[in-house]
Amino acid sequence: MKRTEQLLEAIGDVGIDLVETAEDAVKLGKRWDGILAAAACVAVLLGLGTAAMSGLSVQPSPELPEVQTFVPMDQPEDDLGPMEVQEKPVEDAPEQAEPPADLPVDYTVFCGNYSDTETVEGPCYTVSILHVEAETDQIELQISYVGVNASPVYTTESIFASVAEDHTVEFAWEDSWGNRGTGILLLNPDDPSAVQLLMTVTEQAEYNRATLSTHDQYKTLNRRQAD
Amino acid sequence: MEDTGIIDLYWARDERALTETEKKYGGYCRTISRHILKNEQDVEECVSDTYVRAWNAIPPQRPFSLRAFLGKIVRNLSLNVWRAGQAQRRGGGQAALALEELADCVSDGPEEWLQASELTRLLDRFLRQLPQKERCLFLRRYWYLEPVEEIAHRYHMPVGSVKSNLHRTRKKLRKYLEKEEIFL
């Protein structure tokens, strides 16, 4: 056997973990950049939600008119960075009075990351609810699937959809590999600690498997503890 | 079905293992085989043989990654068929091109070179030292035997960048083998 043939054959016997990561690992960095950026947005939004629930004062920022800075009434501004606001658990918020029955549901409490596992190495599904427009119930979300040892990674672009009266969100999606499909997200207004997700593939990309599919079953995703 | 479920079917000697494997990884195996073989009948035979090999290997094996496990089998089987086809002048495909490219890394000689296991060990170590992107491009080209155009499409890169990246990696591999005092 020639040396080049020997070399080609030997390449076939390198570690399976190497082969597995080559499946799509090059895109990993970009994906995580996106996810981290999304997480940063979620952190800001969660800060908003936490502040609102805690009865904190809200001061508009002159540089960013749509993003606001929160300062507890009993604490100087310098003492509280944005991370501290982000990490303040929602559960610590004081008891809120029950809203009158005729008020619309506040879906903004769903802003955050929901996963079926806490591990970042995968496999796990994650729904990041990036933004909810309180007045119109328009929702912006992103969905990702991370395989074993963080590979493969499938991520959708931001999806914009409406929350229906029965608290469901129906949407179409396309992931980073070109797979396409439809999805349904169920929001239970009485329990914002979890959401349910059904993802169906309608068009599979040529070179990839469509692992964003939840295989005809709703997946229950819990709010990540880090949020 | 999840891989663990399919592997459990193999272990239970349940023939649905083969159906589920075909359903989930049939396309994947055919893609690898088609990179090496042009004849569709040869491809189908290699894929079928891959399932037989998997059936015979599991148990006792429990692959860490069923996908890579099947990929490795179908790659080896397809290369064997390709070599036999070479002898009958019906070869071609990406394997021939890959061999031409790999001539950058080693000089061909008639004598026995290295033990296969030693060469694999060196290659494994070399690949682990590479930046992730270079490693992925190299493996897509020489493990999966994907055409350069397909790799460029997969990673949203210009074809020229993929080629130059692979060229640099081959040169690095040659230097690495020289440094390891492998007679080239």
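The values are calculated or read from the model by the stated rules, or taken from the named source; none is laboratory data. Predicted model, so just to flag it, every value in this text is computed and none were measured. Cβ atoms come from the backbone with ideal geometry, glycine included; neighbour counts cover every protein chain shown.
The requirement of being hydrophobic (A, V, I, L, M, F, W, C), surrounded by 21 or more Cβ atoms within 10 Å (Cβ to Cβ) and under 17 Å from the mean Cα position of the chain (by Cα) is fulfilled somewhere in region B:116-123, by at least one residue.
Can you tell me how many residues in region B:104-146 are outside any helix (DSSP H, G or I) and modelled with pLDDT of 85 or more? Of the residues in that region, 6 qualify.
Within region B:17-53, if we keep just the residues that are touching a residue at least 24 places away in the same chain (Cβ under 8 Å), among the aliphatic types (A, V, I, L, M) and assigned to a helix (DSSP H, G or I), the residue that is nearest to B:Thr4 (Cα to Cα) turns out to be B:Ala17. Among the residues of region B:37-82, those identified as loosely packed, with under 15 Cβ neighbours inside 10 Å and within 14 Å of another protein chain (Cβ to nearest Cβ) are B:Ala57, B:Gln61, B:Arg62, B:Phe64, B:Asn80.
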